[in-house]
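Notes to accompany the following structure.
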Amino acid sequence: MASKRTLIVDDSLSTRMMTTSMLAKLCPDWSVVQAKDGSDALAKCAEDEFDNCLVDVNMPGIDGFELAALLREKYPTAHICMLTANIQTKIQERAAAAGFQFLAKPVSSEKLEMFISACEDKDA
């Protein structure tokens, strides 16, 4: 599995840390950058480039869908995944319509394996 730069954006520190830890075990050659919200993510994007992005939907300030659209503009080939505890059909449909993967919280190794697989499929 090739090295990837992955951005994790979530206003929950525990979710960011847990996701980073699980991703490190599943893909030790990937490097992960964490951002606490949309503004922080955009600042990190000014300093770095990312292959994959995991974005929380509900965040203060710039919401996840707005941020994901901005990330898509900056990184048209990046795999973007929306991450949320809100599993309403309309949220899943909105993610699908925008071309984003959808994963329900809480994050688990199994769910991250689906994210990794989708990232690899995008590269194929």
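The values are calculated or read from the model by the stated rules, or taken from the named source; none is laboratory data. None of the values given here were measured: they were computed from a predicted structure. Here Cβ is always computed from backbone atoms with ideal geometry, including for glycine, and neighbour counts include all displayed protein chains. Ligands, DNA and RNA are stripped out before the accessible areas are found, and what is left, the full protein with its side chains, is counted by its heavy atoms. Shrake-Rupley method; radii C 1.70, N 1.55, O 1.52, S 1.80 Å.
Rounding to the nearest 20 debye, state how big the charge dipole of the chain is about its Cα centre with +1 on each Lys and Arg Cβ and -1 on each Asp and Glu Cβ.
200 debye
Would you please give the FRET efficiency between Glu66 and Ser3, computed as 1/(1 + (r/R0)^6) with r the Cβ-Cβ distance and R0 = 41 Å, to the nearest 0.05?
Calculated value: 0.90.
Could you tell me the relative contact order of the chain? Use alpha-carbon pairs under 8 Å, at least six residues apart, and round to a whole percent.
RCO, the chain: 24 percent.
Among residues other than Met17 whose Cβ falls under 12 Å from its Cβ, what is the net charge (Lys/Arg +1, Asp/Glu -1)?
Taking every other residue near Met17 into account, the sum is +1.
Please state, rounded to one decimal and in Å, the Kirkwood hydrodynamic radius that the chain gives when every pair of distinct Cα atoms enters the mean of 1/r.
Numbers: mean 1/r = 0.0708 Å⁻¹.
One over the average 1/r among Cα pairs gives 14.1 Å for the chain.
In Å², what does the accessible area per residue of the chain work out to with a 1.4 Å probe? Each step should come with its number before you reach the end.
Details: 6180 Å² over 124 residues.
Using a 1.4 Å probe on heavy atoms only, each residue of the chain averages 50 Å².
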